[in-house]
Every structure is written in structure tokens, then in C-alpha cells.
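The values are calculated or read from the model by the stated rules, or taken from the named source; none is laboratory data. Just so it is clear, the model here is predicted, and its values are computed rather than measured. Every residue, glycine among them, receives a Cβ derived from its backbone with ideal geometry; neighbour counts consider all protein chains shown.
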Amino acid sequence: MVESSGSREQWATRLGFILAAVGSAVGLGNIWRFPFQIGQEGGGAFLLIYLLFVVLIGIPVILVEFVIGRRAKQSPVKAFTELGYGSWRYIGGLFVLTGLMIMSFYSVAAGWVLRYTGGSVTGAYFENPEAYFAAVSEGTMTIALHGLFIALTAVIVAAGVKRGIELAVKAMIPALVVVMLVLIGYAATLDGAMAGYSWFLSPDLDVLAENWTTILPAAAGQAFFTLSLGMGVMITYASYIGEDRNLAEDSGWIAGLDTLVAVMAGLIIFPVLFAIGATPGDGGPGELFIGVGGAIAEIPGSHIVGVLFFGVVAIGALSSAISILEVLVSYLIDSYGVERKKATYGMAGLIFLLGVPSAMDLETLDLIDGITGGFMLPLGVFLLVIFVGWVFPHSDDELSKGLKSGAEGRLPQLWLWYVRTVVLFVVAIVLVFYAYNQLVEFGVIA
């Protein structure tokens with residue numbers, strides 16, 4: 001639950017905050033985007049780099065967002081002004097724009113999930129998964145399901161932090177984990193499960209050596225996407241945190257639980273794909289629906305497994321969408337004083353309109369996904385790291401206030417040094433590689 005502190009709500013329990021933050025991180029990024037990313041980028045080689053990014057870059061950047069959010073007690077755009085650095089508020093504006101763009105295609109993909117959950121009951125996609133996905137992924141029905149998912153998300157966010165977000169995630173996240181454990185146990189019984197585990201968990205260093213310039217930015221973008229970094233989510237959620245919380249510990253828990261769910265998704269998806277001899281990565285954005293959906297159609301208990309699997313994906317998608325919409329809504333509330341319900345349904349309407357092109361054309365969805373995940377999220381992280389590493393006050397007292405009230409020892413200064421050097425350098429390299437890959441793709445560089 002959440003209690004009021006002055007004019008701003010606070011998470012009353014550490015569990016409530018962590019589940020909300022994990023709910024933000026756990027979603028389509030883990031279960032939809034992760035499989036086709038890892039399939040296209042070399043299996044275990046991509047997983048290795050992804051895990052390194054989560055640990056070495058993701059956790060420190062979560063802490064960066066937490067420090068700003070808790071100190072400012074404001075949403076991303078207003079936070080920089082509240083801290084006395086109004087000229088940096090454009091970083092918050094970038095976060096809002098990124099969130100809008102992500103939600104515009106995210107809700108479309110989530111609409112597919114709703115359709116497949118219902119389709120699992122009737123077996124609608126069992127006979128011809130490719131044709132079914134082609135029908136589901138574009139057109140009038142896709143627009144309708146896109147709107148339905150946004151409406152579900154808006155109802156929860158409109159209820160507020162106390163009666164909406166925290167209450168929802170406390171029910172959804174435990175349910176998601178329990179059902180995933182059941183599906184992992186089932187996947188382990190399938191023929192080909194060991195081949196799936198081997199492909200997923202064993203990094204091929206030759207693949208890494210040959211493709212590291214594409215694997216590196218792809219893994220970074222996936223880590224930022226799945227941890228909800230570079231879009232202001234963690235700043236917004238941290239603005240509701242009390243002064244007595246240990247943000248360093250919370251950052252580790254959130255990244256760890258999110259990564260656990262991503263690995264759990266792989267332990268379900270890849271054994272299922274290998275059980276029918278499917279090749280991971282062939283389906284692109286449709287990997288989850290064509291590949292996994294087709295595999296589910298061929299295994300025993302397909303109706304039940306399909307409902308459970310796509311039901312889990314729907315829960316994860318909703319928990320993440322709640323957090324992104326909350327960033328956009330809190331921006332209107334904090335910056336313009338808009339009443340929560342009006343802000344929520346207004347933003348929901350805008351997202352619906354922006355999502356229509358993605359609902360009508362799969363290539364548009366793929367393009368926006370690539371721009372946001374490959375460029376906008378890393379750019380937001382890069383600018384944020386510059387601000388905290390080189391602009392934000394660096395005295396022990398100021399850093400201690402940001403990390404934890406009364407924090408002692410060398411953590412604040414060690415963390416600051418790491419953020420302003422190692423993290424900044426690595427994220428800069430990611431952006432350079434993204435630019436290089438785009439130049440190669442468009443033929444500017446041979």
C-alpha cells in the first residue's frame with residue numbers, strides 16, 4: 001500500500017515498491033522481445049553480453065534514476081527543475097517522447113497477446129500459425145485490440161498509485177512467476193529440451209567474435225528496454241520512495257528478479273521451439289507468436305499450455321505498460337496540474353492514435369522498436385549519466401542523501417567514479433556502434 005507524505009504519495013512497504021519496479025521491468029521485453037533478439041543475435045553469445053550489461057551497467061543506471069527520483073520527488077521533466085537544473089529538463093522530455101513511442105507499438109503487440117490467449121482456448125492458430133499471425137498483426141481487429149489493451153492499462157493507472165498500481169502488481173507478479181515455473185517444468189519434459197537449453201545457455205564465442213559490433217548494441221538496448229531504463233520509469237517510481245530505503249540494495253533486487261524472469265522465459269520458449277525443430281530468430285517480431293505458437297499447437301495439452309503461456313505474457317505486458325503510462329501521466333500532473341483521471345485517459349487516447357500506424361503495418365512497428373531500443377533508450381541513459389556523474393552535486397553528504405539517508409563508507413564515491421567513467425564510456429560505445437551499424441545498413445559504409 002501507499003501512504004501520503006505531504007502532497008505526494010509514498011510506497012508504504014519495500015515489497016510494494018520492488019514488485020512495482022519489477023512489474024515495470026518484467027513484460028514484453030522479457031518474453032516477446034527477448035526471444036527474437038537472442039535468436040537473431042546468436043543465442044548464448046547474446047545472453048552472455050546481455051547479462052554483463054544488466055550487472056555492470058543496468059544496476060548502476062537504475063541507481064542513477066533512483067537518486068534523481070527520490071531527491072526531486074517529481075516526474076522526469078519536473079525533476080531537473082526541482083533539483084535546480086532546469087536547463088537539463090530536456091532529458092526528461094526525451095524520456096516522455098521515448099515512452100510515448102514505446103507505448104505506441106508496445107500496446108499493439110500486447111493486443112496480439114490478448115488475441116492469442118483467446119485463440120488458445122479454441123485452437124484458432126493451431127492449424128496455420130503463419131497465416132493466423134498475418135491476420136492478427138495488421139488490420140482493423142489489431143487496432144481494436146490495441147485500444148482494448150490501452151483501456152485496461154488506463155483503468156489501473158487512473159485509480160492511482162495506491163488503489164491501482166501497487167494493488168495490481170501485488171497480484172500479477174506472484175501469479176506470473178508461479179505459472180512460469182509450471183511451464184518450465186512442462187517444457188523440461190519435451191523431446192529436444194536439452195538441445196534448447198544448450199543453444200540458449202552455451203555461448204558460442206566464435207559467433208561473438210564475428211558479430212560483436214551488432215551484438216553489443218543489441219544486448220545493451222535489450223537490457224535498457226527490459227529494465228525500463230532511459231524512459232523515466234525508475235525516476236517516477238523512485239519519487240514515491242521514503243528517505244529510509246537503501247536504493248543500492250533495491251536496485252540489485254529489481255535487476256536480479258527481472259533477469260531471472262528473462263532467463264525463465266528462455267527456459268520455456270527455446271525447449272518448446274527445439275521440440276518441433278524450429279529455428280530461433282526466424283520469426284522476427286513474430287517469433288513468439290509464429291514459432292512458439294506453432295510449437296504449442298504440436299505438443300500435448302496445447303490448449304491449456306497456450307492459455308497459460310499467453311496469459312503469462314499478457315500479465316507481464318500489462319505490468320510494464322502500467323509503469324510507462326504512469327510516467328506520462330505523472331508528467332501532466334506534476335508539470336501542468338492536470339487531474340489524474342483526465343491525464344490518464346488523455347494520454348491513453350494519444351497513445352491509441354500514435355499506435356494506429358504500427359497496428360496497420362508490421363514494418364512500422366519493427367522500425368519504431370529499433371529506433372527506441374537501439375538509439376533513444378541508450379541516448380537517454382547517456383545524458384542521464386552525464387548529469388549525475390558530472391553535473392549533480394558530488395559531496396559525500398549530497399551523494400549519501402541520494403543513495404540512502406545516513407549512508408556511510410565508500411559506496412557513494414566508488415559508485416560516482418564508476419558511473420562517470422566506466423558506465424559513461426560503455427554507453428557511449430554502444431551509441432557509436434549503433435550509428436556505425438545504421439551507416440552500414442544504409443550503404444554509407446561498405
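Search segment 62-78 for residues that are on the phi > 0 side of the Ramachandran plot and pair each with any residue that is not in a helix (DSSP H, G or I) when their beta-carbon atoms are under 6 Å apart and the residues are at least 6 apart or on different chains.
Within 6 Å, the pairs are LYS73/ARG8; LYS73/SER239.
Taking ALA168 as the residue in question, decide whether it is modelled with pLDDT of 85 or more, among the small types (Gly, Ala, Ser) and not in a loop (DSSP other than H, G, I, E, B).
For ALA168, the condition - modelled with pLDDT of 85 or more, among the small types (Gly, Ala, Ser) and not in a loop (DSSP other than H, G, I, E, B) - is not met.
Condition check ((1) over 16 Å from the mean Cα position of the chain (by Cα); (2) closer than 30 Å to ALA278 by Cβ; (3) not in a helix (DSSP H, G or I)) across all residues:
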{"position": "ALA195", "(1), (2), (3)": "yes, yes, no"}
{"position": "PHE200", "(1), (2), (3)": "yes, yes, no"}
{"position": "TRP212", "(1), (2), (3)": "yes, yes, no"}
{"position": "GLN222", "(1), (2), (3)": "no, yes, no"}
{"position": "PHE225", "(1), (2), (3)": "no, yes, no"}
{"position": "TYR237", "(1), (2), (3)": "no, no, no"}
{"position": "ILE241", "(1), (2), (3)": "yes, no, yes"}
{"position": "ALA248", "(1), (2), (3)": "yes, no, no"}
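Please list, ordered by first then second residue, the pairs with beta carbon atoms under 8 Å, 6 or more apart or interchain, first in segment 319-343 and surrounded by fewer than 24 Cβ atoms within 10 Å (Cβ to Cβ), second assigned to a loop (DSSP other than H, G, I, E, B) and β-branched (Val, Ile, Thr).
Going by the 8 Å Cβ cut-off, the qualifying pairs are LEU332/VAL338.
Condition first: within 24 Å of the chain's Cα centre (by Cα) and at pLDDT below 90. Now tell me which residues in segment 116-133 satisfy that.
PHE133
Here is a list: GLY84, GLY118. Which entry is without any contact (Cβ under 8 Å) to a residue 60 or more places away in the chain and either outside any helix (DSSP H, G or I) or among the acidic types (Asp, Glu) (or both)?
The conditions single out GLY84.
Of these, VAL113, VAL178, which one is without any contact (Cβ under 8 Å) to a residue 12 or more places away in the chain and within 23 Å of the chain's Cα centre (by Cα)?
After applying the criteria, what remains is VAL178.
What are the residue pairs meeting all of these: first residue in segment 30-57, first residue within 18 Å of TRP212 (Cβ to Cβ) and modelled with pLDDT of 90 or more, second residue part of a helix (DSSP H, G or I) and among the polar types (S, T, N, Q), Cβ atoms under 7 Å, and 6 or more apart or on different chains?
So the pair list comes out as TYR50/GLN222; LEU51/THR259; VAL54/THR259.
Conditions (1) surrounded by fewer than 24 Cβ atoms within 10 Å (Cβ to Cβ); (2) of a type in the set (Phe, Trp, Tyr), marked per residue:
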residue	(1), (2)
PHE46	no, yes
VAL64	no, no
GLY69	no, no
TYR106	no, yes
GLU127	yes, no
GLU130	yes, no
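Taking SER330, is it assigned to a helix (DSSP H, G or I), among the hydroxyl-bearing types (Ser, Thr, Tyr) and within 30 Å of ASN128 (Cα to Cα)?
Considered against the rule, which asks whether it is assigned to a helix (DSSP H, G or I), among the hydroxyl-bearing types (Ser, Thr, Tyr) and within 30 Å of ASN128 (Cα to Cα), SER330 comes out as no.
Identify, please: which residue in segment 385-419 is modelled with pLDDT of 85 or more and either among the small types (Gly, Ala, Ser) or under 30 Å from ASN211 (Cβ atoms) (or both) and is, among those, nearest to the chain's Cα centre (by Cα)?
VAL385
Given ILE215, ILE241, which one is in contact with a strand residue (DSSP E or B) (Cβ under 9 Å, 6 or more places away or on another chain) and modelled with pLDDT under 90? Working first, answer last.
Details: ILE215 fails: in contact with a strand residue (DSSP E or B) (Cβ under 9 Å, 6 or more places away or on another chain).
ILE241 is the lone residue from the list that is in contact with a strand residue (DSSP E or B) (Cβ under 9 Å, 6 or more places away or on another chain) and modelled with pLDDT under 90.
From the list LEU273, LEU229, LEU208, LEU216, which residue is surrounded by fewer than 20 Cβ atoms within 10 Å (Cβ to Cβ) and under 25 Å from GLY374 (Cβ atoms)?
Step by step, each of LEU273, LEU229, LEU208, LEU216 is checked, and only LEU208 is surrounded by fewer than 20 Cβ atoms within 10 Å (Cβ to Cβ) and under 25 Å from GLY374 (Cβ atoms).
So ILE322 fits all but one of (1) farther than 22 Å from MET234 by Cα; (2) in contact with a helix residue (DSSP H, G or I) (Cβ under 7 Å, 6 or more places away or on another chain); what number is the exception?
Exception for ILE322: condition (1).
Can you find even one residue in segment 345-353 that is of a type in the set (A, V, I, L, M, F, W, C) and modelled with pLDDT under 90?
No, because not a single residue in segment 345-353 is of a type in the set (A, V, I, L, M, F, W, C) and modelled with pLDDT under 90.
For segment 55-62, does any single residue satisfy the condition of being of a type outside the set (Ser, Thr, Tyr), under 29 Å from SER302 (Cβ atoms) and surrounded by fewer than 19 Cβ atoms within 10 Å (Cβ to Cβ)?
No, that holds for no residue.
Yes or no, residue by residue, for (1) of a type in the set (Val, Ile, Thr); (2) assigned to a loop (DSSP other than H, G, I, E, B); (3) over 21 Å from LEU379 (Cβ atoms):
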| site | (1), (2), (3) |
| --- | --- |
| ILE31 | yes, no, yes |
| PHE36 | no, no, yes |
| LEU56 | no, no, no |
| SER107 | no, no, yes |
| GLY111 | no, no, yes |
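Quick one: GLU65 ticks every box in (1) more than 30 Å from GLU210 (Cβ to Cβ); (2) charged (D, E, K, R); (3) within 17 Å of the chain's Cα centre (by Cα); (4) modelled with pLDDT under 90 bar one, so which box is it?
(4)
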